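Below is one structure, written out as structure tokens; comments come after it.
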Amino acid sequence: MLKDLLQSKSKYQTKIDELKEVYLSDDRPWVIGYSGGKDSTVVVQLVFEMLQQLELEQRKKQVYIISSDTMVETPLIISSINHTLYSIQTKGIELKLPIETHKVKPEVQNTFWSLLIGKGYPSPRQKFRWCTDRMKIDPANRFILDKVSKFGEVIMVLGVREEESATRAQSIKQHTIEGSKLMKHSSLKNAFVYAPIREFALDDVWNYLLVNQAKTPWGTDNYELYALYQNSSAGECPLIVDKEIKETAGSCGNSRFGCWVCTVVKEDKALVGFIDSGESWMTPLLEFRNWLASIRDDRNLREKSRMNGSIYYVGEGDDRRLGLGPYTLEARQLILKKLLETEKQVENPYEPDYKLIQIDELKQIRKLWIESGDWEDSLPQIYFDVYGEMLDWDQEERAPFDSSQITDLELICQENDVDFQLIKKLINIEKNYVGYKIRRGLIEEFQKVLNQDIVHHGKVEGYKE
Ligand code: SF4
């Protein structure tokens, strides 16, 4: 037993020595992707130990530890990440280690709710997984590119392991640079990938975390991480910073520790696991997530054309029918209302001010709705109906007409047998050009709308809803 322990200790020290060698071999800063899961915890902990073992004058280059916050993370996981990042940063400063921790988030126009409720994207599926790029990869890449522009080149240090899957192993091998510990980043020029635990087996990971180094150098306890895994029935969800790795991972939702609202997986094991282990306050989240998954293909809630107005068909012969477009405005209103009601219901004992959707996302959604024809400006009212209070809404975002003008216009459209939605679209385009002296592009935009398949859908051969 003692012999085994000593052997594994020296194995990890050999890894730390390798990390030292790579760290000291050049000036390129490191960016570590930390997901809060076991593999990236091992990497951060090994790097932390390595830096501690260096002399002060050797700790020259910066190590950035970044975590992604999609803004729809499973609540207990994101709390644990926040706590760990804070502890690492505090201890790093105390020990004079060149460590900086950061959280990377999607921009407001690319959050889950802005796209789903604001634009009507149907909830993600394996075949239409619009979320990972926008919410995880792009924000992390922005951070990396910022460092590339500052330092010329950077090295991404990732907790990927060959054992995870054959395709993962293949991808790692393909990108390896001959005679180097580094791999080429699949899409970012001047970024390289270093996977220090690529050859680790699962046992090596848990051995290191629970036997060798159960207490982290920044003061937290790896048994808490282990408990989180057990309670959430979780697998691993890496912070995905490379599109190729994303593909080999299948989905960050396939493994757990993903977003609480993820509909890429059949069942949200993390939420179910947490609820089963006593965190019953998360039940409304699970109910909402299941409801969202259940309405995805409801034809009544979806437009009959794509966002650009084109129509398409699915199925063959008698089964041939019109494909589905984004959620209708009514569906988006319904989803928002239900989300706010869920938010009101959730009582997070660890974070009393916990919100499911942020105010800047609500403002973004309101703007998108008005642009897409919500002239009644329904969002402030929906918020009021749920919370009984008015937020400080931007007056400039108001719709172009008041309610009596809208009714008049609707009547005129009816009398003249003109589609009211079409007129709305045209007026919205016109509105976007108000104030410009040269209105180049206006006519083209009008034409685009007038030529859309959906405007002529009744005349499309074989049209069937
Ligand atoms: S966990 Fe699910 S919803 Fe979140 S980014 Fe991954 S696939 Fe998308």
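Remarks
- Filtered residues of segment 258-283 (kept if near the ligand (Cβ under 9 Å from one of its atoms) and either farther than 13 Å from VAL72 by Cβ or assigned by TED's automatic domain parsing to the domain that holds VAL72 (or both)): VAL265
- Of residues in segment 112-124 being within 11 Å of the ligand (Cβ to nearest atom) and outside any helix (DSSP H, G or I), the one nearest to the chain's Cα centre (by Cα): PRO124
- Test: residue in segment 294-301 that is in contact with an Asp or Glu (Cβ under 8 Å, 6 or more places away or on another chain) and more than 16 Å from the ligand (Cβ to nearest atom): yes
- Taking (1) free of Cβ contacts under 8 Å to residues at least 40 places away in the same chain; (2) out of contact with any Leu (no Cβ under 7 Å at 6 or more places or on another chain); (3) part of a helix (DSSP H, G or I) in turn, PRO352 satisfies each apart from (3).
- Filter result for PHE112 (surrounded by fewer than 18 Cβ atoms within 10 Å (Cβ to Cβ) and either in the same structural domain as ARG332 (by TED's automatic domain parsing) or of a type outside the set (S, T, N, Q) (or both)): no
- Only one of THR84, THR14, THR101 that is surrounded by 19 or more Cβ atoms within 10 Å (Cβ to Cβ) and part of a helix (DSSP H, G or I): THR84
- Being under 28 Å from GLY325 (Cα atoms), within 32 Å of the chain's Cα centre (by Cα), modelled with pLDDT of 80 or more and part of a helix (DSSP H, G or I) is a property that ILE454 lacks.
- Scanning segment 310-344 for residues that are loosely packed, with under 14 Cβ neighbours inside 10 Å and either farther than 30 Å from GLN447 by Cβ or touching a Phe, Trp or Tyr at 6+ places or on another chain (Cβ under 7 Å) (or both) yields a count of 7.
- Just one of (1) touching a Ser or Thr at 6+ places or on another chain (Cβ under 6 Å); (2) within 21 Å of ALA140 (Cβ to Cβ) fails for VAL43. It is (1).
- Whenever a residue of segment 119-137 is assigned by TED's automatic domain parsing to the domain that holds PRO106, its partners that are in a helix (DSSP H, G or I) and near the ligand (Cβ under 6 Å from one of its atoms), lying with C-beta atoms within less than 8 angstrom and at least six residues away or across chains, give the pairs PRO124/CYS131.
- Considering segment 377-441, the qualifying helices (runs of 4 or more DSSP H), each wholly inside and each with 2 or more residues that are among the charged types (D, E, K, R), run over 403-415, 420-432.
- Of all residues in segment 62-119, those being at pLDDT 95 or above and acidic (Asp, Glu) number 3.
- Any hit, segment 48-71, residues being surrounded by 21 or more Cβ atoms within 10 Å (Cβ to Cβ), assigned to a helix (DSSP H, G or I) and touching a residue at least 60 places away in the same chain (Cβ under 8 Å): yes
- When we screen VAL31, VAL42 for residues that are assigned to a helix (DSSP H, G or I) and buried (at least 22 other Cβ atoms within 10 Å of the Cβ), the only hit is VAL42.
- Residue that is nearest to the ligand (Cβ to nearest atom) [pool: residues in segment 125-152 that are more than 16 Å from ARG332 (Cβ to Cβ) and assigned to a loop (DSSP other than H, G, I, E, B)]: ARG129
The values are calculated or read from the model by the stated rules, or taken from the named source; none is laboratory data. These numbers were taken from a predicted model, which means no experiment stands behind them. Please note: Cβ atoms are built from the backbone with ideal geometry, for glycine as well, and neighbour counts cover all protein chains shown.
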